[in-house]
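The values are calculated or read from the model by the stated rules, or taken from the named source; none is laboratory data. Just so we're clear, the structure is a prediction, and the values are computed from it rather than from any experiment. Note: ideal-geometry Cβ built from the backbone for every residue, glycine included; neighbour counts use all protein chains shown. Calculation scope for accessible area: heavy atoms of the full protein, side chains included, ligands and nucleic acids excluded. Shrake-Rupley method; radii C 1.70, N 1.55, O 1.52, S 1.80 Å.
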Amino acid sequence: MINLDNLVRENIKRLKPYSSARSEFSGAADVFLDANENALGSPFTQNMNRYPDPLQSSLKNKIAAIRNIDPQRIFLGNGSDEAIDLLIRCYCEPGRDRIMIMPPTYGMYGVCADINNVEKIAVPLRPDFNLDTDAVINLLGPSVKLIFICSPNNPSANMMAGEDVARILQAAQGLVVLDEAYIDFAEQPGWLQSLRDYPNLVILQTVSKAWGLAGIRLGMAFAHPDIITVLNRVKPPYNVNELTQQAALQALAQSPRKDGMVAELLRQRVYLQAELPKLPFVKKVFSSQANFLLVRFESARPVYDYLLRNGIIVRDRSTQTHCEECLRITVGSADENRQLIGLLQKYGGQQ
Ligand SMILES: *Cc1c(COP(=O)(O)O)cnc(C)c1O
């Protein structure tokens with residue numbers, strides 16, 4: 001059985017966290033003269049003169065209800081990128097501990113490790129973008145504190161097989177961070193309901209993709225309450241601002257609207273999956289469990305440049321492992337997707 005406490009960096013265990021005015025007081029009061037706020041209000045219609053709830057209780061209760069999970073198992077951050085950085089800072093001793101990543105994958109895991117001077121072990125996915133579980137397990141050891149698995153994976157758009165994830169969870173001596181940023185677009189459910197079975201599992205989700213709220217910067221980490229406590233001790237006291245908390249509460253009350261957008265984007269994904277393979281210079285459209293498609297071209301860069309000249313930006317992923325000549329194309333609105341296909345149909349004549 002994993003001892004979660006032993007995984008935490010010594011200096012973080014010893015840390016006496018900053019105690020904010022709002023976290024020292026709990027209860028009801030009429031007059032708040034404890035935080036040097038401006039008692040008169042804000043030059044603004046919405047009063048923002050008070051510091052926000054440092055632990056975001058209302059928002060966590062709402063997310064707990066939607067995701068059917070205990071609020072004690074929720075950490076909220078300034079995007080899930082904040083959770084990635086905090087996990088590395090709380091669990092990886094620079095110059096000694098390591099993280100494991102599975103390229104091609106989301107770039108922030110590696111960048112955060114580099115910033116923190118934490119070494120990364122790269123275990124490439126297999127050419128079909130599934131986990132190379134045997135290789136992963138062979139390279140595990142006590143210094144591998146965090147294993148990042150992205151599922152559905154960015155940029156390959158596939159979901160990782162459940163038995164592979166389970167094997168890694170069982171073999172890991174550190175935390176397994178499962179990034180489910182795109183889970184609302186997937187056919188299969190994610191791993192949230194398995195948190196109780198795996199104390200070393202951390203699940204990342206975000207409101208940036210399916211919920212359509214990339215601008216408010218709100219990400220979630222779900223994990224054992226002891227892991228959540230560690231992250232909360234290290235995070236900046238007011239890391240999720242009041243505007244974000246209010247906007248998220250409003251948006252989360254409208255999950256049917258989110259479900260409607262997801263359904264429409266999935267229809268649009270079907271449209272692109274039908275149209276792209278008809279183009280003679282498209283070699284392969286990879287199947288997708290996300291709101292984007294990885295597409296292999298005969299030659300990716302000229303297509304990228306052609307689209308750019310015509311006002312459409314996609315992501316060139318062709319330098320990534322197993323992604324030779326591949327562009328990553330986000331599923332857009334019906335109109336945007338028609339524009340994209342229309343332009344590509346004219347490509348060839350004028351390259
Ligand atoms: C977009 C994305 C995120 C970003 O999340 P934020 O909450 O916007 O910081 C995280 N992980 C993956 C795999 C992503 O593609």
Fill in: Computed FRET value (nearest 0.05) for D134 with R50, which takes r as the C-beta separation and R₀ as 51 Å
0.40
Practice prompt. Would you kindly find the accessible area of Y106, with a 1.4 Å probe and non-protein molecules such as ligands, DNA and RNA excluded, rounding to the nearest 10 Å²?
Written response: 70 Å²
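For the pair D34 and I312, what calculated FRET efficiency results from E = 1/(1 + (r/R0)^6), where r is the Cβ-Cβ distance and R0 = 45 Å, to the nearest 0.05?
Calculated value: 0.30.
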Practice prompt. Along Cα→Cβ, 7 Å out, is where each label goes; now give me the distance between the ones at R167 and R338 in nm to one decimal.
Written response: 4.7 nm
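Counting only C-alpha contacts under 8 Å and six or more residues apart, can you give the relative contact order of the stretch 50-180 as a whole percent?
Rounded, it is 21 percent for the stretch 50-180.
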Worksheet item: Across the stretch 13-21, in residue order, what do the Karplus-derived ³J(HN,Hα) couplings come to in whole Hz, using 6.51 cos²θ - 1.76 cosθ + 1.60 with θ = phi - 60° and x for Gly and Pro?
Response: 4, 7, 4, 9, x, 4, 10, 7, 3
Fill in: Nearby lysines by direct alpha-carbon distance to K120 (threshold 22 angstrom, same-chain neighbours under 8 apart not counted)
K145
Item to complete: Any chance you could run the full-extension gain for E324 through L243? It's 0.36 nm times the residue separation minus the Cα-Cα distance, nm to one decimal.
Response: 25.0 nm
Worksheet entry | the chain: C-alpha gyration tensor shape, a/c 1.5 cut-off, then a/b vs b/c | oblate
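What's the ranking of 25-31, 325-331 by average number of surrounding C-beta atoms within 10 Å, highest first?
Values: 25-31: 6.4, 325-331: 21.3.
The densest-packed peptide leads the list: 325-331, 25-31.
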Fill in: Length-normalised contact order for the chain - Cα pairs under 8 Å, 6+ apart - percent
17 percent
Worksheet item: How about the chain: what cysteines have no other cysteine beta carbon under 4.7 Å from their own?
Response: C90, C92, C112, C150
Fill in: Solvent-accessible area, 1.4 Å probe, carbon plus sulfur percent, for the stretch 278-351
44 percent
Response to the item:
In whole angstrom, the spacing between the Cα centers of the stretch 214-255 and the stretch 315-347 equals 32 Å
Fill in: CD proxy at 222 nm, helix term only [per DSSP H run n ≥ 4: -39500 (n - 2.57); per residue of the chain; nearest 500]
-10500 deg cm²/dmol
Discussion item. Checking the table K209/K283; K13/K62; K62/K258; K13/K60 against a 19 Å threshold on Cα-Cα, which pairs fail?
Written reply: K209/K283; K13/K62; K13/K60
Practice prompt. Filter the GluC sites (Glu not before Pro) in the stretch 142-226 down to the DSSP loop ones having no more than 12 other Cβ atoms within 10 Å, then list what survives.
Written response: E187
